[in-house]
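Below you'll find the structure, written out as structure tokens, and then a few comments.
The values are calculated or read from the model by the stated rules, or taken from the named source; none is laboratory data. Just so it is clear, the model here is predicted, and its values are computed rather than measured. Here the Cβ positions follow ideal geometry from the backbone for every residue, glycine too, while neighbour counts run over all protein chains shown. Note: accessible area is taken over every heavy atom of the protein model, side chains too, but ligands, DNA and RNA are not part of it. Shrake-Rupley method; radii C 1.70, N 1.55, O 1.52, S 1.80 Å.
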Amino acid sequence: MNHCFHCEEPIPEGADWSFEWNGSLRQFCCAGCHAIAKTLVENGLDEYYRRRTAPAVKAAPDENAIELAKAYQDPNIRKARVITDHEHIELHLYVEGIRCSACVWLIEKVCLELPAVIDCQANAMTHRVLVKLTTDEAVPMVLERLQTIGYRPHVIRADEDSTVREDRALLKRLGVAGLVAMQTMMFAVGLYVGDGQDMAIEHGRFLRWTSALLACVVVFYAAVPFFRGAWQNLQHRRLGMDVPVALAIGSAWLVSMVNT
Ligand SMILES: [Zn+2]
Ligand SMILES: [Zn+2]
């Protein structure tokens, strides 16, 4: 089976995207990878393919990313998210799709070609990119540029470090939920075994109430992101994934509380 020249994933049956590069016919898995490779070659950036040590991420047309670039055409949004020094604008990005040092080379080169960009530093380990600009009006352009060469930029503020913090908070909540679920299961086993050996009623009640209490901890601590997401969805009058999840957690909790 042939593999995509850009992302090295298998090319599906009947796919017909290809062009000649460096003396041989290169085939692609999808229109997206084909378009990115074309862009790189036509803009003299095909050096990327010689430098890279890892295949690129498969192209994924991302509506959110396009919306994002559009949103940053609004000066108010830019003001809230971009740091203004006295001399220049600092745009802090978290960029998905950075795989190797050639990605860093490519991102820096593409950004530095924009007239408004004074400096650009990408980091292959942290996937962070710092772009220094003369004007914040160039922010949507930077975002668009990175998308056309196959990366997914997210704007973050250097001081809030939002992506990292959100990930950590989420992990912590998952950890608590897991621990409590294990503990509750142990109590439940105690209850089943106890039933068979006519456990003292007080003991049974104690275990049941402790389980209920722990369930409350899970629902009110670990599930907070779901409830928050659901609430935001409802405010914007749309049904996201968080709404059914929050409903399920909420109703399961109610039923089990009534049973206790
Ligand atoms: Zn591909
Ligand atoms: Zn790379």
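In the condition set (1) surrounded by fewer than 16 Cβ atoms within 10 Å (Cβ to Cβ); (2) more than 16 Å from ligand 1 (Cβ to nearest atom); (3) hydrophobic (A, V, I, L, M, F, W, C), Leu45 is compliant with all but (1).
Please determine whether any residue of segment 62-85 is within 16 Å of ligand 1 (Cβ to nearest atom) and either under 20 Å from the mean Cα position of the chain (by Cα) or open to solvent by 50 Å² or more (accessible area, probe 1.4 Å) (or both). Yes, the conditions are met somewhere in segment 62-85. Scanning segment 48-58 for residues that are more than 9 Å from ligand 1 (Cβ to nearest atom) and either charged (D, E, K, R) or not in a loop (DSSP other than H, G, I, E, B) (or both) gives Tyr48, Tyr49, Arg50, Arg51, Arg52.
Considering each of Leu40, Leu25 in turn, give the residue that is within 16 Å of ligand 1 (Cβ to nearest atom), open to solvent by 50 Å² or more (accessible area, probe 1.4 Å) and not in a loop (DSSP other than H, G, I, E, B). Can you show your working first?
Details: Leu40 fails: open to solvent by 50 Å² or more (accessible area, probe 1.4 Å).
Answer to the check: Leu25.
Of everything in segment 96-117 that is part of a helix (DSSP H, G or I) and aliphatic (A, V, I, L, M), the residue that is farthest from ligand 1 (Cβ to nearest atom) is Leu112.
Taken over segment 1-19, residues that are within 26 Å of the chain's Cα centre (by Cα) and surrounded by fewer than 13 Cβ atoms within 10 Å (Cβ to Cβ) amount to 1.
Is it fair to say Cys33 is farther than 16 Å from Val129 by Cα, within 16 Å of ligand 2 (Cβ to nearest atom) and not in a loop (DSSP other than H, G, I, E, B)? Spell out how you get there, then give the answer.
Working: farther than 16 Å from Val129 by Cα: yes; within 16 Å of ligand 2 (Cβ to nearest atom): yes; not in a loop (DSSP other than H, G, I, E, B): yes.
Here the answer is yes, as Cys33 does meet what is asked.
Looking at Tyr151, is it open to solvent by less than 50 Å² (accessible area, probe 1.4 Å) and within 19 Å of the chain's Cα centre (by Cα)?
Working: open to solvent by less than 50 Å² (accessible area, probe 1.4 Å): yes; within 19 Å of the chain's Cα centre (by Cα): yes.
So Tyr151 fits the description; yes.
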